[in-house]
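Scroll down for the structure; my scribbles are underneath it.
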Amino acid sequence: MTITFGAIGGGRRTRFFLRLAAALPDRLRVSGVVTRGEESGARITGEWGVPAFRSVGELLRHERPDYVTAAVPWPAMPDAIRAVAEHEMPVLAETPPAPDLDGLRALWGDVGATGLVQVAEQYLLMPGHAARLALVREGVIGEPTSVQVSSTHLYHAVSMIRGLLGVGFEAAEVRAGAFAAPLANPLVAGGWTGDGTPQQLTTTIATVDFGGRMGLYDFTENQWWNPLRMRRIVVRGSTGELVDDRVVRLLDPATPVESHLIRRDTGVDLSLEFRDLKHISFDGRVLYRNPFDGSGLSDDDLAVADILERTGAWARQEGPAPYPLAEACQDHLISLAIGESARTGGAVTTGKEAWAG
């Protein structure tokens, strides 16, 4: 099955999608790209061999794909989503779907009822997180009661917290604080800086209380890239705990046992196979199997390719919705509350919004 999608935007994220389609030509294909200017469109056509257009209507007249991705700056995202939905075409929007709460509410009022909008929130599709989620949903550590994420920022981290806790649209009380401390920052999105001098970087820590279940958010500026800050994920349950790749749980009332999540990566040391992730197992059984075996893609690439393919299956009515607009709106609602609480120093409680149903 080859999923075909169009794209809006000529920036880094659209090029990410184009790169994955080029790496997986039997699984993903791009019908065309909508860019604001002819020059950027010509560059994309020259680099990737896909046609460029000035409008969604022009893109769809050329060919009607399974869906259209929208990867534009935050302020432009709501109108890009509306432009696709107006053509009754499924759309996969980059995160977040709108920059602020007013924008989320207005967007939901315009397109929420159409059921046409999914959001490219891929973090729980990353191999390690997907394996952890499967383990938690099996009940291996009992009922999940708290999740600690120190890895990625705001709505991405909130999606992980909500997903691992199994939280829906419940009200949440957020308490956040921020502080600056010296930290070397030698690697950024543009590459190695050549400067190891510590600089003042801000860490934001927040608790998100869902009423009996809790999330802890901990993020330092540029933590995605900075090799001097490790990533941590902790899921605490009623009969055990998961810490990164370690799992402790109660086998019987007098027997706590520990197991590990084990990756099988080929091409390492004396493995002469192609460099690739094969699977992640737990106590001898596979929790996650690479859906793009043989591609050699990174974990993040695998997750993005997975949501691109899942969106295509959903658009063809051959699979469930991968991440509906309502879920993304709720993630960003809570992330906005984290920012507000960190700025004001006071607690912020989220209310029930229209997308909660």
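The values are calculated or read from the model by the stated rules, or taken from the named source; none is laboratory data. Treat the numbers as computed from the prediction; the structure is a model and nothing was measured. Here the Cβ positions follow ideal geometry from the backbone for every residue, glycine too, while neighbour counts run over all protein chains shown. The area values use the complete protein model at the heavy-atom level, side chains included, leaving out ligands, DNA and RNA. Shrake-Rupley method; radii C 1.70, N 1.55, O 1.52, S 1.80 Å.
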Considering each of 220, 197 in turn, give the residue that is open to solvent by 20 Å² or more (accessible area, probe 1.4 Å) and of a type outside the set (Asp, Glu). 197
Scanning segment 260-312 for residues that are closer than 21 Å to residue 124 by Cβ and of a type in the set (S, T, N, Q) gives 281, 290, 295, 298, 311
Restricting to segment 81-112, and then to whatever is in contact with a strand residue (DSSP E or B) (Cβ under 7 Å, 6 or more places away or on another chain) and of a type in the set (Gly, Ala, Ser), can you tell me which residue is surrounded by the fewest Cβ atoms within 10 Å (Cβ to Cβ)? 85
Restrict the check to segment 260-278 and report whether at least one residue is among the β-branched types (Val, Ile, Thr), more than 27 Å from residue 118 (Cβ to Cβ) and either at pLDDT 95 or above or in contact with a Ser or Thr (Cβ under 8 Å, 6 or more places away or on another chain) (or both). yes
Can you pull out the residues in segment 294-331 that are open to solvent by 30 Å² or more (accessible area, probe 1.4 Å), free of Cβ contacts under 8 Å to residues at least 24 places away in the same chain and over 16 Å from the mean Cα position of the chain (by Cα)? 294, 296, 317, 318, 320
Of the residues in segment 192-210, those that are assigned to a strand (DSSP E or B) and either in contact (Cβ under 8 Å) with a residue 12 or more places away in the chain or under 22 Å from the mean Cα position of the chain (by Cα) (or both) come to 199, 200, 201, 202, 203, 204, 205, 206, 207, 208, 209
Among the residues in segment 344-353, are any touching a residue at least 24 places away in the same chain (Cβ under 8 Å) and in a helix (DSSP H, G or I)? no
Among the residues of segment 157-175, count how many are in contact with a Ser or Thr (Cβ under 7 Å, 6 or more places away or on another chain) and open to solvent by 20 Å² or more (accessible area, probe 1.4 Å). 3
Within segment 154-176, is there a residue that is aliphatic (A, V, I, L, M), closer than 18 Å to residue 225 by Cα and in contact (Cβ under 8 Å) with a residue 60 or more places away in the chain? yes
The strands (runs of 3 or more DSSP E) lying entirely within segment 239-280 that contain at least 1 residues which are of a type in the set (Val, Ile, Thr) and crowded, with 16+ Cβ neighbours inside 10 Å are 246-252
Restricting to segment 22-80, and then to whatever is of a type in the set (Phe, Trp, Tyr) and surrounded by 15 or more Cβ atoms within 10 Å (Cβ to Cβ), can you tell me which residue is nearest to residue 1 (Cα to Cα)? 67
Residue by residue through segment 113-127, note down the ones that are open to solvent by 20 Å² or more (accessible area, probe 1.4 Å) and within 19 Å of residue 282 (Cβ to Cβ). 124, 125, 126
Which of the residues belonging to segment 332-357 are under 16 Å from residue 111 (Cβ atoms) and crowded, with 20+ Cβ neighbours inside 10 Å? 332, 355
For segment 281-293, what are the residues that are more than 21 Å from residue 243 (Cα to Cα) and either at pLDDT below 95 or open to solvent by less than 30 Å² (accessible area, probe 1.4 Å) (or both)? 290, 292
When residues of segment 225-235 are filtered for being under 25 Å from residue 348 (Cβ atoms) and either modelled with pLDDT under 95 or surrounded by fewer than 17 Cβ atoms within 10 Å (Cβ to Cβ) (or both), how many remain? 2
Of all residues making up segment 177-191, the number that are modelled with pLDDT of 95 or more, closer than 13 Å to residue 226 by Cα and either outside any strand (DSSP E or B) or touching a helix residue (DSSP H, G or I) at 6+ places or on another chain (Cβ under 7 Å) (or both): 3
Please go through (1) in a strand (DSSP E or B); (2) surrounded by 21 or more Cβ atoms within 10 Å (Cβ to Cβ) for residue 145 and return the number of the only condition it doesn't satisfy. (2)
